[in-house]
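Right, one structure below, let's go through it.
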Amino acid sequence: MRVNQRSQFVGACVWSCAIFNPFAPVRLPRELWAVLNVGAAALFGIVAYRHRG
């Protein structure tokens, strides 16, 4: 993985952590949460696939 791809990937993980954090709840409509949940599941699936051993 190139450095630019890695930094974008890390940025996506950081934003995912920021959205789903328990300390400062984010109030969004249910429909938007559904989209974010699917996106987060895809992101974590990619992380698991790339870091499988």
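Bear in mind that the values in this text are calculations on the coordinates, not laboratory data. Since we're looking at a predicted model, the values are computed, not measured. Cβ placement follows ideal geometry from the backbone for every residue including glycine, while neighbour counts extend to all protein chains displayed.
The table below gives the values:
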| item | result |
| --- | --- |
| Surrounding net charge for Phe44, when Lys and Arg each add one and Asp and Glu each subtract one, Cβ distance under 14 Å | +2 |
| Pairs of alpha carbons in segment 6-53 whose separation is greater than 12 Å (percent) | 68 |
| Helix axis angle, 30-50 relative to the chain longest principal axis, alpha carbon, degrees | 20 |
| Low-density loop cleavage sites - chymotrypsin sites (Phe, Trp or Tyr not before Pro) in the chain, where at most 15 other Cβ are within 10 Å (DSSP) | Phe20, Phe23 |
| Computed [θ] at 222 nm, helices only, for the chain once each DSSP H run of length n ≥ 4 contributes -39500 (n - 2.57) | -24500 deg cm²/dmol |
